[in-house]
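The values are calculated or read from the model by the stated rules, or taken from the named source; none is laboratory data. It should be emphasised that the depicted structure is a prediction, and the values quoted were computed from it without experimental measurement. As a convention, Cβ positions derive from the backbone with ideal geometry for all residues, glycine included, and neighbour counts pool all protein chains shown. All accessible areas refer to the heavy atoms of the entire protein, side chains included, with ligands and DNA or RNA removed. Shrake-Rupley method; radii C 1.70, N 1.55, O 1.52, S 1.80 Å.
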Amino acid sequence: MDLNNEIDTALLIADDKQIGSSSSTKCYNIVNDKNGRINTHGCVQKGFFSMVRGHQRAPSGSREFKEVMKRDALLRLQGDLDLIVQSAPDAARDVVDKQMSAFSRLFDRFLRETGPSVYWDQIQKLPEGAVRNYATLPEPTTEHIHEMLDKLIVVKLNGGLGTSMGCHGPKSVIPVRRDLTFLDLTVHLLEHLNKTYKANVPLVLMNSFNTDDDTQKIIRKYKGLQVEIYTFNQSCFPRVAKETLLPVSHTFNIDSKLEAWYPPGHGDFYDSFHCSGLLQKFIQQGREYCFISNIDNLGATVDLNILNLLLDEKSKQPEFVMEVTDKTKADVKGGTLIQYENKLRLLEIAQVPKDHLDDFKSVKTFKFFNTNNLWIKLDAIQRVIDQGSLNMEVIVNHKSLENNLNVIQLETAVGAAMKCFNNGFGINVPRSRFLPVKKTSDLMLVMSNLYHLKSGSLIMSPQRMFPTTPHVKLGDNHFSKVRDFLSRFANIPDILELDHLTVSGDVTFGKNVSLRGTVIIIANHGDRIDIPSGAILENKIVSGNLRILDH
């Protein structure tokens, strides 16, 4: 990711704004505290910069000039972060201080990253064994499974809201099947596993400040089940104004200015999990691996064959395993595995130079994409944190607040840490292990007769002739929100023989509709199409106006 121009522009604007402010003085002594955070001590008067600062440090060239500006940007930010820490309640101040320290380090990396994170011509061919075939994995013996499960914890990334689908609260509480939510299905599946093998695999939820309160209330209903549930919160980072590179909020009163804060992506898992104390707790219990996945991926279940491979004493125990699956034309933007600088690592589309985007999207060149189902060794997480060797690419996410203020939020991805671990590899798993619900089109699939529910797990119907799911596109204006989506179906159509469905405009479906092959239904502006109950549409294009009225 080439951030040079963006950072330079922001620094010049910020620097110009500060120099143009009223006269001020500030003298710094720069030290590093025990957390590796830059602290400033000295005398502070109004503003951040001395007008004579430029005479004291005259850069000899543009490179040095940029370095000076970057240092100043970090110092300015640190001053605001110190104010945020001081404003935090006494009971929360230590936690807030650690989080602001982590944000300061992330911001420093954002400033210092120069040039693309990947040089395209230096990408190496995947070595033999870098991606293993799931079909070759041996099944564990029944008597061995209980012992295996004692080594495992399951982590679900539960920080997201359901706002993109028109729902309030955590996305994990959206009903997806028989009024069961993502969280219900996760708990049900894990309880079934524990009961079947007389095991005690705990469920760990990584919440955000957006989802924690609601999640804590919801998990009370699982108290009588055979699943131990733990929660911890990922960090709460300040959004930064794009022009000034300073935090939007100067106090830690999140509720009063909620849009000034954000959860910094699932790459924050490692630090937050460590700071929660749960990492050390599970290591002391003798747990060896965590299985991490998104809460909305209904295909991400505990796989005993993969766990058996990880724990096989004959093999050198891997520290990081990523589940990948075959890329299709619908997955061209998904991250993929590459060999780079003799290390296996994740390549995201944001890191790809513009002139190589077509190469990245090529199904022939990059055959797999990341499902974000990860198996990571717990003591290895402890090691990379202790060594300070955890290094993930910074993702810059642009946002615009309600007052039209342009801000940036800095994030990292959990899979990007792969290069920091030893003996990592990918496993090419069946597509059934990647069943995310990001849009109502995905919801239509999981609610349909394409799947049946078994002990919390969605199993594709054996009547489906193809292993792949249909490609469904529903119009945003009428179908993007869950409530609107549900109001347009008397019940979900039979799609066992469907290949492709496109629906656009004001369209409704009656009961027991069957869709087969390729079906395209388009209602133009001002028109409405009602698909009658019992209709069978096979390789049809329906357009115009079709109203079914009660007589």
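Quick notes on this structure:
- Just one of the listed residues (Y134, Y119) is within 30 Å of L189 (Cα to Cα), of a type in the set (F, W, Y) and not assigned by the TED database to the domain that holds R483, namely Y134.
- Lone unmet requirement of (1) touching a residue at least 60 places away in the same chain (Cβ under 8 Å); (2) under 19 Å from I295 (Cβ atoms); (3) assigned to a strand (DSSP E or B) for G415: (3)
- Counting the residues of segment 338-358 that are in contact with a Phe, Trp or Tyr (Cβ under 8 Å, 6 or more places away or on another chain), open to solvent by 10 Å² or more (accessible area, probe 1.4 Å) and in contact (Cβ under 8 Å) with a residue 60 or more places away in the chain gives 4.
- Restricting attention to segment 384-412, the residues being touching a His at 6+ places or on another chain (Cβ under 9 Å), assigned to a loop (DSSP other than H, G, I, E, B) and open to solvent by less than 10 Å² (accessible area, probe 1.4 Å) number 0.
- The residues of segment 272-301 that are buried (at least 18 other Cβ atoms within 10 Å of the Cβ) and either assigned to a loop (DSSP other than H, G, I, E, B) or at positive phi (or both), listed by number, are R287, E288, I295, D296, L298, G299, A300, T301.
- Flag if G526 is free of Cβ contacts under 8 Å to residues at least 12 places away in the same chain and on the phi > 0 side of the Ramachandran plot: yes
- So M418, is it at pLDDT 95 or above and assigned by the TED database to the domain that holds H188: yes
- Filter pass, T469 being within 29 Å of the chain's Cα centre (by Cα), part of a loop (DSSP other than H, G, I, E, B) and β-branched (V, I, T): yes
- Close pairs from segment 474-498: first farther than 25 Å from R464 by Cα and free of Cβ contacts under 8 Å to residues at least 40 places away in the same chain, partner open to solvent by 40 Å² or more (accessible area, probe 1.4 Å) and β-branched (V, I, T), Cβ under 9 Å, at least 6 apart: G475/I522
- The requirement of being at pLDDT 90 or above, open to solvent by less than 10 Å² (accessible area, probe 1.4 Å) and over 27 Å from H192 (Cα atoms) is fulfilled somewhere in segment 317-329, by at least one residue.
- The lone criterion from (1) in contact (Cβ under 8 Å) with a residue 40 or more places away in the chain; (2) open to solvent by 30 Å² or more (accessible area, probe 1.4 Å) left unmet by I174 is number (2).
- Among (1) open to solvent by 50 Å² or more (accessible area, probe 1.4 Å); (2) part of a loop (DSSP other than H, G, I, E, B); (3) under 30 Å from T196 (Cα atoms), the one test that I459 misses: (2)
- Some residue of segment 192-209 being on the phi > 0 side of the Ramachandran plot, open to solvent by 50 Å² or more (accessible area, probe 1.4 Å) and touching a residue at least 40 places away in the same chain (Cβ under 8 Å): yes
- When the residues of segment 131-163 are filtered to those that are without any contact (Cβ under 8 Å) to a residue 40 or more places away in the chain and open to solvent by 80 Å² or more (accessible area, probe 1.4 Å), the one that is nearest to R483 (Cα to Cα) is T163.
- Among the residues listed as S457, S400, S441, S432, the single one being among the hydroxyl-bearing types (S, T, Y) and at pLDDT 95 or above: S441
- When restricted to residues that are open to solvent by 30 Å² or more (accessible area, probe 1.4 Å) and under 30 Å from S208 (Cα atoms), segment 111-130 contains 3.
- Apart from one condition, L378 fits all of (1) surrounded by fewer than 19 Cβ atoms within 10 Å (Cβ to Cβ); (2) touching a residue at least 24 places away in the same chain (Cβ under 8 Å); the exception is (1).
- Evaluation of L185 against (1) of a type in the set (A, V, I, L, M); (2) touching a helix residue (DSSP H, G or I) at 6+ places or on another chain (Cβ under 9 Å); (3) not in a loop (DSSP other than H, G, I, E, B) (one fails), failing number: (2)
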